[in-house]
Amino acid sequence: MTSRQIQAIRGMNDILPEEALLWEFFEDTARAWLRAYGYRAIRTPILERTELFVRSIGAVTDIVEKEMYTFIDELNGESLTLRPEGTASCVRAVIEHNLLYSGPQRLWYWGPMFRHERPQKGRYRQFHQVGVEALGFGGPDIDAEHIVMCARLWRMLGLDGVALELNTLGGSDARARYRARLVKYLERHRESLDDDSKRRLHTNPLRVLDSKNPVMQELIEGAPRLADDLDEDSLRHFSDLQAKLRSVGIAFALNPRLVRGLDYYNGAVYEWVTDRLGAQGTVCAGGRYDGLIAQIGGKPAPACGFAMGVERLLALVSDGAASASRSAPDVYLVHQGAAADPFAEQVAERLRDHRVNVLLHCGGGSFKSQMKKADASGARFALIVGDDEAQAGEVSIKPLRELAEQVRVSIEEAADLIKKSVISDS
Ligand code: ATP
Ligand code: MG
């Protein structure tokens with residue numbers, strides 16, 4: 001009797017080898033990109049104390065109210081949460097290890113995030129982000145750097161049609177003034193608010209602007225604008241940022257409705273959006289969060305950053321771009337015979353010493369069936385080892401992707417031949 005099959009959790013995806021190629025292409029590209037801008041990696045645990053996210057993201061936000069995977073650690077009664085995003089953990093680690101003591105930090109992180117949302121295309125319960133944080137930087141130059149960086153990554157990935165939307169949330173005074181005006185407006189239209197918005201009317205009215213509910217859009221369109229309450233500093237920062245973007249030729253649209261779903265933002269905020277992913281059109285989002293470091297117990301310091309959704313980006317990357325990263329081995333090694341089998345294992349290791357990628361045939365079978373597998377593997381060469389070759393300490397090498405004779409050579413000669421051909425091709 002076979003047991004019942006066990007399946008993955010809804011909204012949490014396996015990335016199978018074919019698709020993993022695309023992920024590797026993305027990861028390699030992203031690492032080269034981050035190095036080019038001098039960002040250094042930081043790796044934090046996937047589990048954190050729940051309080052970290054409540055305090056940073058905000059108690060009255062979608063993420064904290066209904067999307068977090070939170071549970072009690074039975075052993076000590078602590079409330080723990082699978083991280084729903086990366087900024088809070090990054091900032092916690094920077095404070096805990098006093099990294100700002102040695103000056104401002106340019107950091108990046110990468111990995112799975114967890115949110116209990118309704119799974120659909122581009123929206124999953126485990127998804128991946130690459131995030132960038134610049135801590136201890138206050139000026140618009142670093143905001144501009146982040147945006148310029150993103151634009152370069154889109155080029156490196158071969159993406160087009162990703163558009164930039166910008167807004168500024170101003171300082172806390174400006175937001176308090178605006179909040180009062182917004183509440184008045186929303187109260188006047190109380191009957192048209194959906195349940196979420198009614199609840200948020202007094203706890204977190206700005207969040208109403210972030211509603212994805214189509215029936216709310218008209219009301220949101222008519223809401224007063226934060227721009228009218230902005231303080232001078234925010235306005236200057238924002239106009240400097242825009243001037244910098246114009247001077248490097250980065251197009252953007254101002255979107256006064258852009259408020260972001262997390263409470264920690266202030267000042268300039270932005271999203272990169274595409275119309276190719278339906279309702280899940282935001283591929284990258286970020287902005288300034290000058291208050292966050294102090295909010296979770298650090299010495300006040302300005303900061304800004306962004307995070308991109310890897311699944312959404314990969315949905316935009318063409319197969320062509322990814323096929324650049326080859327997965328086929330250089331060599332498929334076929335072998336048969338009492339002396340040939342152990343010799344083949346040595347040959348494989350010797351070739352790997354020469355940085356040749358070898359797929360060693362396992363599981364026996366006739367030469368003919370092994371050659372079929374060699375062909376299907378996509379390898380450029382089959383290496384053939386029979387007892388004859390084993391006795392002579394040699395290998396036969398047969399090109400699989402071009403018309404050429406099979407030749408018998410030493411292991412060193414084989415390594416040379418293979419490497420020359422792989423290099424001339426790439
Ligand atoms: P959305 O409005 O689409 O819910 P968000 O504002 O909640 O996005 P952020 O918290 O800003 O998203 O996260 C940054 C990026 O991470 C998003 O722009 C998106 O590309 C990606 N992302 C967020 N949530 C998910 C998810 N559940 N599945 C896949 N990607 C996600
Ligand atoms: Mg969301």
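The values are calculated or read from the model by the stated rules, or taken from the named source; none is laboratory data. As the structure is a computational prediction, the values presented were derived from the model and not from experiment. Virtual Cβ from ideal backbone geometry, glycine too; neighbours counted across all protein chains shown. For accessibility, only protein heavy atoms count, side chains too; no ligands or nucleic acids. Shrake-Rupley method; radii C 1.70, N 1.55, O 1.52, S 1.80 Å.
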Excluding ligands, DNA and RNA, the carbon-plus-sulfur percentage of the accessible area of the chain with a 1.4 Å probe reads 51 percent
Which residues' amide hydrogens lie under 5 Å from the amide hydrogen of T168, considering only partners 5 or more residues apart or on another chain, with H built in the peptide plane? V269
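Sum -39500 (n - 2.57) across every DSSP H segment of at least 4 residues in the chain, then divide by the residue count to get the 222 nm mean residue ellipticity, nearest 500. Intermediate results must be reported in sequence, preceding the final value.
On the way: 15 runs with 163 residues, N = 426.
After summing the helix terms and dividing by residue count, I get -11500 deg cm²/dmol.
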Can you tell me the dipole magnitude for the chain around its Cα centre, using point charges on the Cβ only (Lys, Arg +1; Asp, Glu -1), in Debye to the nearest 20? 1020 debye
Filtered trypsin sites (Lys or Arg not before Pro), segment 24-54: DSSP coil and at most 15 other beta carbons within 10 Å: R43
Where does each of 230-237, 140-147, 190-197 land if you order them by average Cβ count within 10 Å, highest first? 140-147, 230-237, 190-197
Using Cα centres only, tell me the gap between segment 339-393 and segment 38-72 in whole Å. 50 Å
Could you compute the FRET efficiency for W23 and S239, with r as their C-beta to C-beta distance and R0 at 35 Å, rounded to 0.05? 0.35
To the nearest 10 degrees, how steep is helix 232-247 against the longest Cα principal axis of the chain, on a 0 to 90 scale? 40 degrees
What is the calculated FRET efficiency for S421 to E232, with r their C-beta to C-beta distance and R₀ = 51 Å, to the nearest 0.05? 0.20
When the charge dipole of segment 19-128 is computed with +1 at the Cβ of Lys and Arg and -1 at the Cβ of Asp and Glu, the Cα pointing farthest to the positive end, of A20, F114, N76, is that of A20
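Could you grab the Rg to Rh ratio for the chain? Cα atoms only, Kirkwood for Rh. Can you show the working numbers first?
Details: Rg = 27.8 Å, Rh = 25.2 Å.
With Rh from the inverse mean 1/r over Cα pairs, Rg/Rh is 1.10.
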For a paramagnetic label modelled at 7 Å from the Cα of R199 toward its Cβ, which residues of segment 45-78 fall within the zone defined by backbone nitrogen distances under 18 Å? 54-55, 57-70
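Beta carbons within 10 angstrom, averaged per residue: use that to sort the peptides 287-298, 337-348, highest first. Provide the component values of the computation, followed by the final result.
Working: 287-298: 20.5, 337-348: 17.4.
Peptide ranking by packing, descending: 287-298, 337-348.
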5 Å is the cut-off here: which amide hydrogens, built 1.01 Å from N in the peptide plane, fall below it relative to L333, excluding neighbours closer than 5 in sequence? L359, L360, H361, L383
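Could you calculate the contour length gain from Q120 to D14, that is, 0.36 nm times the residue separation minus the distance between their Cα atoms, to one decimal place in nm? Let's see the in-between values first.
Details: separation 106, 0.36 × 106 = 38.16 nm, distance 1.52 nm.
Using 0.36 nm per residue and subtracting the Cα-Cα distance, I get 36.6 nm.
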Got the relative contact order for the chain handy, in percent, Cα pairs under 8 Å and 6 or more residues apart? 15 percent
Which angle from 0 to 90°, rounded to the nearest 10, does the C-alpha axis of helix 140-156 make with the longest principal axis of the chain? 40 degrees
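Volume per residue, Å³, of the convex hull around the alpha-carbon atoms of segment 168-208? Walk me through the numbers on the way to the answer.
On the way: hull volume 2.6 nm³, N = 41.
Spread over its residues, the Cα hull of segment 168-208 gives 62 Å³ apiece.
Kirkwood hydrodynamic radius of segment 88-176 from all distinct Cα pairs, in Å? The partial results should precede the final answer.
Values: mean 1/r = 0.0619 Å⁻¹.
Here the Kirkwood hydrodynamic radius works out to 16.1 Å.
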Short version: ³J(HN,Hα) in whole Hz for each residue of segment 117-128, in order, from phi by Karplus 6.51 cos²θ - 1.76 cosθ + 1.60 (θ = phi - 60°), x for Gly and Pro, what are they? 10, 6, x, 7, 4, x, 9, 10, 8, 10, 9, 10
Normalised per residue, the volume inside the convex hull of the alpha-carbon atoms of segment 331-420 in Å³ amounts to 85 Å³
Hey, can you rank 205-218, 82-95, 105-118 by average C-beta count inside 10 Å, highest first? 82-95, 105-118, 205-218
So what J values fall out for segment 208-220 if you push phi through Karplus, 6.51 cos²θ - 1.76 cosθ + 1.60 with θ = phi - 60°, rounded to Hz, Gly and Pro as x? 4, 5, 8, 4, 8, 5, x, 5, 8, 5, 5, 4, 5
Accessible area per residue for the chain in Å², computed with a 1.4 Å probe and the full protein assembly in place, what is it? 51 Å²
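Taking every pair of alpha-carbon atoms in segment 235-371, give the share separated by more than 18 Å as a whole percent. Walk me through the intermediate numbers first.
On the way: 6827 of 9316 pairs.
Every Cα pair in segment 235-371 considered, those over 18 Å come to 73 percent.
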Any chance you could give the angle, 0 to 90 degrees and rounded to 10, that helix 340-353 forms with the longest Cα principal axis of the chain? 50 degrees
Under 5 Å, built H, 5+ apart or other chain: amide partners of Y39: none
